[in-house]
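Visitor: Sharing a structure here in structure tokens format.
The values are calculated or read from the model by the stated rules, or taken from the named source; none is laboratory data. Everything numeric in this text was worked out from a predicted model, so none of it was measured. So basically every Cβ, Gly included, is an ideal-geometry build from the backbone, and we count neighbours across all protein chains shown.
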């Protein structure tokens, strides 16, 4: 008999029928002998609907009020889930963030978890009850309701699993982690297991598989996270820390991202402090900068190129143009017809040959590389948006990802 | 500069436009120099919609879970109201029942207020903020969310006014207390003031003017309650304890109620304990019994007649039929084509002549009286449903209610 923390996303609880289906899954799991703590998101598009309501009132809703407003979404879904379990004869109780002891700092809309006081959850589990916990929300010492940021019910689940020393299972409409987007590469294969680090690189911006902060908490507290579909029965993907020898030094997946825009600042004076001067104002405006490329030149000036999300481009551009005037740089050019494609795998950065094979593959496919960036376990190329799907397919074939890892043949 | 607790009902906050209109009223009140604590109900039909959602899941939703579910309605409306005030440049903060310090017992769905700890509200008011409080809900010592019963945002407002030593104002789509239903009696007149006791009798079952428990709290703590429309500007009605000499010993209003069904138990043995035997099982089934008439007869048996709401008739009937068999009574007859009409006024019961004038008036109009019941300040007749509107008009004229009280001519 084990304790498992399950997480069900918004699509899994979108209506009464789906809530009843999830309740039946939980009932079966209880019957098999496990104790279950289930974290739920708000039903379907509830959070967006509540945000729209707030924006009918004012364009700039107060973040403290917004937190109370948005927290109601999970209060609705969690109580309905408890009722659905009661209807199946399963003892269950739902707990708000406050009741579940999820203490946060007081930064509304993006609070950080300070501590989880799990006494109430432990008491309910000991009494034989399934515990339903509202994701996404917590409470401050002053009883103020906080939310942890969009998509953070995953974080609630992993943090609870860490505190309760439980396994974490994340159920959604995505049935696991794939070597590439199956809609683009028909030979994409579901991975049986990935490391936390690989997961962070594979599930890049826009990935619906798992919220990155949740994976980071999993990494820090070494919580195994099983990702699977709540709609089908098949196997999912286990995210964990023990990378097997066989999957080391291999390309594990080809993530790509279309939500990319490129900004180039020409003829930047080549002197100390220039990068800080450019990126500090962008950080203050909450513009996330991704790939950055700068080449020092012999003539004392250089081109500085970086990428932002398409949604941030409009906000970033006037800031960058202002900076260009201040540092006496040249023109500012933008291009939103670009995309990112990467190869990801633990150890590939230190092993020779992977970058060369990636570049050769793209060259053979006639795809021009505009920028390159690397991390410990990832090599990323910026290419034109219209060629990125070709790039995914070419790389998937070149690195033989249609074949299972030896470790996964068991 | 006074402190006022205002209450806005569901129709007053039914959508963004109305919420903005209420915010503007509050802004104007602040600008006039008063401190405002505003209690809000859930938007429009939200509570019914949430109940319907729960019933999609199960026919018998757990009351603890239901309380959390229903409490979200006020959390939504109160945060939107705070945002609307912010948009007008007014400092405001919304507080849940828990944050407002509204402590209750743990009887879910119909909790009683144990205490209000007003420190947080006082602190926010002292800081110059308008405080928006969610009506209808509280919290137990164990941090369990409770609700006080349907329509109890009025109760929250009056209880807060009592604790804060403030005046209470109740704004809704009804603009005051009338001598009779204006849809039936075109000469019905709005009363400038009524006593708590008169209000309790005038606002009988189904009256949307003021929740009876709230009026009772007003009576006990002597909180003046001003009832007015949130849609129009005119004067409302003040409910208070100081009945003026001029309005004493006068009929003040003609309330009526169509939601009445009559149950008659024939040939009831006339022995001690029979009434308890009949009404205890009904109380256990939460059937509220209203007018009760029993006449002892010479033959050792009698007919026992009482009224219930139409909605309770189906539940009451099998219980009464079972009782009839147990006590060896005769047949059980029902009639749901009846209605109640009353005359209400402090002192009329002890003063001679009012009952006689009422009966004469109904006789002159050819309206048969089926049952009679009296309280300290009320005389009620059960008549046929199809004649009740005629009865209201005849009584309104007979007691000259189209003329203002001397006290109201000021």
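Visitor: Do we have residue B:64 as surrounded by fewer than 24 Cβ atoms within 10 Å (Cβ to Cβ), at the interface with chain A (Cβ under 9 Å from one of its Cβ atoms) and in contact (Cβ under 8 Å) with a residue 24 or more places away in the chain here?
Guide: The answer is yes for residue B:64.
Visitor: Give segment B:292-301 a look and list any residue that's free of Cβ contacts under 8 Å to residues at least 60 places away in the same chain and surrounded by 13 or more Cβ atoms within 10 Å (Cβ to Cβ), or say none.
Guide: Correct list: B:294, B:301.
Visitor: Condition (residue is more than 14 Å from chain B (Cβ to nearest Cβ), in contact with a helix residue (DSSP H, G or I) (Cβ under 8 Å, 6 or more places away or on another chain), assigned to a helix (DSSP H, G or I) and at pLDDT below 95) applied to segment A:170-177: is it met by at least one residue?
Guide: Scanning segment A:170-177, I find no residue that is more than 14 Å from chain B (Cβ to nearest Cβ), in contact with a helix residue (DSSP H, G or I) (Cβ under 8 Å, 6 or more places away or on another chain), assigned to a helix (DSSP H, G or I) and at pLDDT below 95, so the answer is no.
Visitor: Still on this model: From the set of residues in segment A:37-48 that are more than 10 Å from every other protein chain (Cβ to nearest Cβ) and buried (at least 23 other Cβ atoms within 10 Å of the Cβ), which is farthest from residue A:158 (Cα to Cα)?
Guide: A:42
Visitor: Next up: Of the conditions (1) in contact with a helix residue (DSSP H, G or I) (Cβ under 8 Å, 6 or more places away or on another chain); (2) in contact (Cβ under 8 Å) with a residue 60 or more places away in the chain, residue A:2 satisfies every one except a single condition; which number is it?
Guide: (1)
Visitor: Let me ask something additional. Is segment A:385-406 home to any residue that is over 15 Å from residue A:255 (Cα atoms) and under 23 Å from the mean Cα position of the chain (by Cα)?
Guide: For segment A:385-406, residues over 15 Å from residue A:255 (Cα atoms) and under 23 Å from the mean Cα position of the chain (by Cα): absent.
Visitor: Okay, moving on. Do any strands (runs of 3 or more DSSP E) entirely within segment B:302-410 hold 2 or more residues that are surrounded by fewer than 16 Cβ atoms within 10 Å (Cβ to Cβ), and if so, which?
Guide: Because the criterion is at least 2 residues that are surrounded by fewer than 16 Cβ atoms within 10 Å (Cβ to Cβ), the strands (runs of 3 or more DSSP E) in segment B:302-410 that meet it are B:332-344, B:371-375.
Visitor: Please determine whether any residue of segment A:5-15 is buried (at least 24 other Cβ atoms within 10 Å of the Cβ) and within 10 Å of chain B (Cβ to nearest Cβ).
Guide: No, segment A:5-15 contains no residue that is buried (at least 24 other Cβ atoms within 10 Å of the Cβ) and within 10 Å of chain B (Cβ to nearest Cβ).
Visitor: Among B:289, B:278, which is crowded, with 20+ Cβ neighbours inside 10 Å, touching a helix residue (DSSP H, G or I) at 6+ places or on another chain (Cβ under 8 Å) and outside any strand (DSSP E or B)?
Guide: Sole residue among the options that is crowded, with 20+ Cβ neighbours inside 10 Å, touching a helix residue (DSSP H, G or I) at 6+ places or on another chain (Cβ under 8 Å) and outside any strand (DSSP E or B): B:278.
Visitor: I would also like to ask the following. Identify, please: which residue in segment A:76-95 is buried (at least 22 other Cβ atoms within 10 Å of the Cβ) and within 7 Å of chain B (Cβ to nearest Cβ) and is, among those, farthest from residue A:125 (Cα to Cα)?
Guide: A:76
Visitor: Suppose the filter is surrounded by fewer than 24 Cβ atoms within 10 Å (Cβ to Cβ), free of Cβ contacts under 8 Å to residues at least 12 places away in the same chain, over 24 Å from the mean Cα position of the chain (by Cα) and farther than 21 Å from residue B:110 by Cα; does residue B:55 pass it?
Guide: No.
Visitor: Just the residues that are in contact with a strand residue (DSSP E or B) (Cβ under 6 Å, 6 or more places away or on another chain) and closer than 23 Å to residue B:48 by Cα, please, taken from segment A:49-74.
Guide: A:68, A:70, A:71, A:74
Visitor: Checking residue A:165 against (1) closer than 18 Å to residue A:240 by Cβ; (2) at pLDDT below 90, only one condition comes out false. Which one?
Guide: Looking at each condition in turn, residue A:165 falls short on (2).
Visitor: Test residue A:141 against the stated conditions and say whether it is surrounded by fewer than 23 Cβ atoms within 10 Å (Cβ to Cβ), within 14 Å of chain B (Cβ to nearest Cβ) and either without any contact (Cβ under 8 Å) to a residue 60 or more places away in the chain or not in a loop (DSSP other than H, G, I, E, B) (or both).
Guide: yes
Visitor: Among the residues of segment B:104-135 satisfying the criterion of being within 14 Å of chain A (Cβ to nearest Cβ) and under 22 Å from the mean Cα position of the chain (by Cα), which is surrounded by the fewest Cβ atoms within 10 Å (Cβ to Cβ)?
Guide: B:109
Visitor: Any residue at all in segment B:178-191 that is within 25 Å of residue B:36 (Cα to Cα) and more than 14 Å from every other protein chain (Cβ to nearest Cβ)?
Guide: no
Visitor: Keeping to segment A:293-308, report how many residues are within 31 Å of the chain's Cα centre (by Cα) and either modelled with pLDDT of 85 or more or on the phi > 0 side of the Ramachandran plot (or both).
Guide: Total satisfying the criteria: 5.
Visitor: I need a count of the residues in segment B:267-290 that are at positive phi and modelled with pLDDT under 85.
Guide: Counting residues in segment B:267-290 that are at positive phi and modelled with pLDDT under 85 gives 2.
Visitor: Looking at residue A:51, is it within 13 Å of chain B (Cβ to nearest Cβ) and either at pLDDT 95 or above or touching a helix residue (DSSP H, G or I) at 6+ places or on another chain (Cβ under 9 Å) (or both)?
Guide: For residue A:51, the condition - within 13 Å of chain B (Cβ to nearest Cβ) and either at pLDDT 95 or above or touching a helix residue (DSSP H, G or I) at 6+ places or on another chain (Cβ under 9 Å) (or both) - is met.
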